[in-house]
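Right, one structure below, let's go through it.
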Amino acid sequence: MFSGVRKLASREIWSELKWASQCAFTHRTSIALYTLLGILSAGFGLVSSIFLKNLIDAVEARELTAVLGAACVMAAALAANVLLGALTSRVTARISIKVRNSIQSSVYDRIMVANWEDIGEYRSGDLLNRLTSDVSTVATNTITIAPTCVTSAMQFLGSLAVIFYYDWIMGLLALIGVPLTALLTRLAVDRMRRSNKRMKEADAALMAFCEDSVSNVQTIKAFDIAALFGRNMRAVQEESKAAHLKYNWLSVMAHSAMGVVGLIVSGGCFGWSVFRLWQGVISFGTMTMFLQLSSRLTAAFSSLAGLIPALIATATSSGRIMELCGLDSEDGAADAGDAACAGVYLNGVSFTYKDGVEAIVNSTLYARRGETIAIVGPSGRGKTTLIRILLGLLEPDSGEAYVDCGEGVRADISPATRKLFSYVPQGNTIFAGTIAQNLRLAKDDATDAELAAVLELAQAHDFVRELPDGIDTVVGERGKGLSEGQAQRLAIARALLRGAPVLLMDEATSALDMDMEAKLLEGLEEFRRDRVCIIATHRTRILAACDRVYMVDGRNTRLMTAAEVAALAGEER
């Protein structure tokens, strides 16, 4: 059984490393250049070792011409190595950035088009960790592992070849490290992989905690629980620390074991070279060369030992990224076209979330062009689910959900029909940037005059005009610097600027007082006249402006009577 688990882990690692190598394949020319530079560096190192022998032998023989020649070659080789090191560093940085950006943009795009319910299972901090830390790990290691492996192998084989040329017994001593290295690698890989995976998960949990708490600082302060979150932060840090130290210990042990192998090889070579010098078989220059070459063999072993943690980290990070890339994409249903929307219809729609929560059952509603309908009901009874279905974020388990595009054409509601909706989300949805930039998210080529027009309709023109830089005023993340009511009015203005045939508002006036809400609805009357308008709300005084009101209660949607609507509005007053 244990053997089967190890084989499965090995297949997973191979699959993950194969995926990582495919990501770097488009940059194969640059990676080949990087590898060539490493090979040249190893070659110049060998040349300097050989000519060091010649230099020392020439000094002992007092041959001035030979001394000067060997010294010049050594100086040239060392200078070339310095230049190659600088060039290699520059090439590495350029390739790493290219590969990172390529993978990162691809993963980002994948997250953006992933099925909404699937992506919702991940904490935002975990997604950020995969998008930044894991991508950086893969990008850096995929461009260095193969070249380092090739360069170290060339350095090892080149040094071994020179040693064999001068003394085959020393060459055999150097080969002792090969089977020992293979055995140690086999023993280390599986444990290090499991430990690295736990470390990545702990890092993701830490980032998720930080992201959650930082985005909710106001709430933490309001409840006076900063000390509690501080303790929780330290607890999460301790878990991350334990995972890191465990992985570090395994890495240190693996690297030390490899180092011991390298010392055995270099020590054997050193001892044999001293013995051969004692016998008078080799010169002092040859012994010096042997010592330097054995040092290069040790360096090659150290480089190969360092590849084990890099391979494990690359495989683990690749697996975490592959998990996101494997998420189902949103269903690309038939394009809804550019026709004006004549109506939105839900007939007998039911939906159950993946965790088994039954959200809505056999629900029906319709809204035609020129009509305003309201969706009301207690919290947690299905209003939000209906909104998500209308936006194509969720696909009904049963029933019909479609848009009437006119002239007998209808399109099933899907991601493709979102272009027909202008959406005002619940809560503060203002991004960091200027007010103008926030508005132009809905229409990037909108003129200042168009911005002014929608701000006027949303009752936001006056307060924006009083800001220091008007529409060019910079606001912080989540609309920092604005009140909740101001942020809501800007979100409404943004939806109006989009100009889609369906206006969908989810608790869009919850932060407005009664007078401002009345002015807003009055200002939108002309705008709503040629559109479908759907409002999800708890504010029952809005209901007087609606053609129909649907109650979502007990996970079922029903059309309310005029008397029920009047009674509900009367309760609020």
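Just a few scattered comments:
- Partners of Lys18 within straight-line reach, counting aspartates and glutamates whose Cα lies under 19 Å from its Cα and excluding those fewer than 8 residues away in the same chain: Asp134, Asp190, Glu323.
- The Cα trace of the chain gives Rg and Dmax of 34.3, 117 Å, the first to one decimal, the second as a whole number.
- Using C-alpha pairs under 8 Å with a sequence gap of at least 6, the mean separation divided by the residue count of the chain gives a relative contact order of 15 percent.
- Ranked packing of 411-417, 238-244, 85-91, most packed first, by mean Cβ within 10 Å: 411-417, 238-244, 85-91
- Residues listed by number, segment 13-52, amide nitrogen under 20 Å from Leu157 label point at 7 Å toward C-beta: 31-50
- The modelled label-to-label distance between Ser124 and Arg231, using points 7 Å beyond Cα along the C-beta direction, is 2.7 nm.
- Karplus-derived 3J(HN,Hα), 6.51/-1.76/1.60, for each residue of segment 357-372, Hz, glycine and proline x: 6, 7, 8, 9, 9, 6, 9, 9, 7, 8, 9, 9, 4, x, 9, 10
- Antiparallel content of DSSP bridges confined to the chain, in %, to 5: 60 percent
- P(r) weight above 22 Å for segment 321-456, C-alpha pairs, percent: 51 percent
- Here the chain is assigned +1 on the Cβ of each Lys and Arg and -1 on the Cβ of each Asp and Glu. Its dipole about the Cα centre then comes out at about 2640 debye.
- Contour minus Cα-Cα distance for Arg465 and Asp190 (0.36 nm per residue): 92.7 nm
- Inverse of mean 1/r across different Cα pairs in segment 207-319, Kirkwood, Å: 18.6 Å
- If R0 equals 56 Å, the separation of the Cβ atoms of Val113 and Ile264 corresponds to a calculated FRET efficiency of about 0.55.
- Spin-label model distance (nm) - Ile97 vs Thr352, 7 Å beyond Cα toward Cβ: 5.3 nm
- Accessible area in square angstrom per residue, the chain, 1.4 angstrom probe: 50 Å²
- Percentage of interatomic Cα-Cα distances in segment 421-573 larger than 25 Å: 30 percent
- For segment 344-364, the residues whose amide N sits under 12 Å from a probe point set 7 Å from the Cα of Arg410 along the beta carbon direction are 344-348.
- For Ser215 and Leu33, a Förster radius of 56 Å and the Cβ-Cβ distance give a FRET efficiency of 0.85, rounded to the nearest 0.05.
- Given their separation in residues at 0.36 nm each and the Cα-Cα distance between them, Thr364 and Phe431 gain 20.7 nm when the chain is fully extended.
- For the chain, the longest site-free run once chymotrypsin sites (Phe, Trp or Tyr not before Pro) in DSSP loop states with at most 14 other Cβ atoms within 10 Å are removed: 1-222
- In the chain, helical runs assigned H by DSSP with n ≥ 4 each contribute -39500 (n - 2.57); averaged across all residues and rounded to the nearest 500, the mean residue ellipticity at 222 nm is -21500 deg cm²/dmol.
- Separation of the alpha carbons by more than 24 angstrom is noted, of Lys98/Lys419; Lys221/Lys519; Lys383/Lys419; Lys383/Lys443; Lys354/Lys383; Lys200/Lys221, for Lys98/Lys419; Lys221/Lys519; Lys383/Lys443; Lys200/Lys221.
- Efficiency of FRET from Cβ geometry, Ile176 and Asp328, R₀ 45 Å, rounded to 0.05: 0.30
- Calculated from the alpha-carbon coordinates, segment 31-181 shows an Rg and a Dmax of 23.5, 81 Å respectively.
- Taking only protein heavy atoms and a 1.4 Å probe, the accessible area of the chain is 59% carbon and sulfur.
- Taking 0.36 nm per residue of separation and subtracting the Cα-Cα distance, full extension of the segment from Asn556 to Met253 would add 102.9 nm.
The values are calculated or read from the model by the stated rules, or taken from the named source; none is laboratory data. Being a predicted model, the structure only gives us computed values, none of them experimental. Because the Cβ atoms are built from the backbone with ideal geometry, glycine has one as well, and the counts that use them run over all protein chains shown. These accessible areas exclude ligands, DNA and RNA; they are computed on the full protein's heavy atoms, side chains included. Shrake-Rupley method; radii C 1.70, N 1.55, O 1.52, S 1.80 Å.
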